[in-house]
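In what follows, a structure is listed as structure tokens, so that the remarks can point back to it.
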Amino acid sequence: GQILPLDCYLDSWSEAEDFGATLDCGLYRGKRYAVPLFGAGRLLTYRADIFRECGLDPDTPPKTWEELRDYAKKLTKKEHGRILREGIDLPVRGIDAQQIWAGFLWQNGGSFFNKEYTKAAFNSSKGVEALEFLVGLIQKDVVADTRYDVGQSAAPSPLALGRAAMFFAVPEEVNQIKNYSPEVYRNIRVAFPTCREEQVTLYSFSGLFLSKDAQNKEEAWRAIEFFTGRKALAGINESMSTLPPRKSLTNTGFIAKDNNIKMFVEGMQYGRPNPNIAAWTKCRDVLSRYIEKAIFGQITPKEALDRAAEEINRILAE
């Protein structure tokens, strides 16, 4: 490969601890190849006023799958069998649906691939149970409406409209509510991920790499140190409204002014990135297609993941 592993620098770098789990964004087969620069994560976001309306404490968000289901049921508002307000707005198509399932997969102790990244592992009992839980919220518990979908940046937020009480948001979506629905924003809260076997959720970071062909690798590393320093990261992320990967930046700049964005930064301790393999986008798209089929009841969750695994194993073998 053309990218140099950075472990020889990171092992002796006094700043490494400040990045915590975000350094895993460049992890591949046990080695780290990048230092994160900016990112985003998915956390449960909810309306405190609707919680109170339904007799729930907004300061005590759901912490387990069972609580998430129970809260969603209580928060759902129906009339003549029709959903007027979703207990939780869940994406039912594309990458967004795949990302929500990924969080449940990891929380249940599952993995996308084997340790060698040569075969799919997501169709294990852990993965099937995670997809059954997601599908069950939609089909059995009927706390989400398949007529709607999140992930459409041009569409108003379901929370801002009062059409949903909870959904899994990224910081950009939270900022949209703040900018376009300030009267609602005072009731918006953000929670850390639920836990089954592990407390974890998807966080994605872009970072800086070091080329094996760099003529002066020490100078290149010093450049990485500069751009990922506290001052530089604070400026970069404030200008882009993204998440700085350092824990020490939790109380600085635009983050200190907004408790919800601060929660996203503090939530990085629970973050896990997508697999760092060349074929990931192809694998992701296959998974998205079959997860959608399961959500709409065209095939069972087990059939969906088994079929996805067959296709993805062929991709990995190429």
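Any read-out appearing in this document is the output of simple, stated calculations on the displayed coordinates, not a laboratory observation. It should be emphasised that the depicted structure is a prediction, and the values quoted were computed from it without experimental measurement. All Cβ positions, glycine included, derive from the backbone under ideal geometry; neighbour counts span all protein chains shown.
Here is how the numbers come out for the structure above:
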{"item": "Amide hydrogen neighbours beyond the local backbone of Arg32, cut-off 5 Å, H modeled", "result": "Leu6, Asp7"}
{"item": "Net dipole in debye of the chain [+1 Lys, Arg Cβ; -1 Asp, Glu Cβ; about Cα centre; nearest 20]", "result": "380 debye"}
{"item": "Listed pairs Lys77/Lys140; Lys126/Lys293; Lys77/Lys262 exceeding 22 Å between Cα atoms", "result": "Lys77/Lys262"}
{"item": "Cβ-derived FRET efficiency at R0 35 Å, Glu218 paired with Asn179, nearest 0.05", "result": "0.20"}
{"item": "Entries in Lys31/Lys119; Lys78/Lys257; Lys73/Lys247 that, when Cα-Cα distance is taken, lie over 29 Å", "result": "Lys78/Lys257; Lys73/Lys247"}
{"item": "Under 13 Å from the Cα of Lys178 - aspartates and glutamates, other chains or at least 8 residues apart", "result": "Asp258"}
{"item": "The chain, relative contact order [Cα under 8 Å, separation at least 6], %", "result": "31 percent"}
{"item": "Volume per residue of the C-alpha convex hull in the chain, rounded to whole Å³", "result": "134 Å³"}
{"item": "Sequence-distant residues sharing a close amide H with Ile3 (under 5 Å, placed H)", "result": "Lys212"}
{"item": "Nearest-20 debye value, region 46-156 charge dipole, Cβ charges on Lys, Arg, Asp, Glu", "result": "220 debye"}
{"item": "Helix 301-317 axis, angle to the chain major axis (alpha carbon atoms, nearest 10°)", "result": "20 degrees"}
{"item": "Cα lying deepest toward the dipole's positive end in the chain, options Cys25, Gln99, Leu134, charges on Cβ", "result": "Leu134"}
{"item": "Ile299 long-range amide H proximity, modeled H, under 5 Å", "result": "Ala294"}
{"item": "Region 2-99 shape via C-alpha gyration tensor axes, a/c threshold 1.5", "result": "prolate"}
{"item": "Cα gyration tensor category, rounded, prolate or oblate, for region 170-318 with a/c compared to 1.5", "result": "oblate"}
{"item": "Sorted by Cβ neighbour density within 10 Å, fewest at the top, the residues Lys73, Lys140", "result": "Lys140, Lys73"}
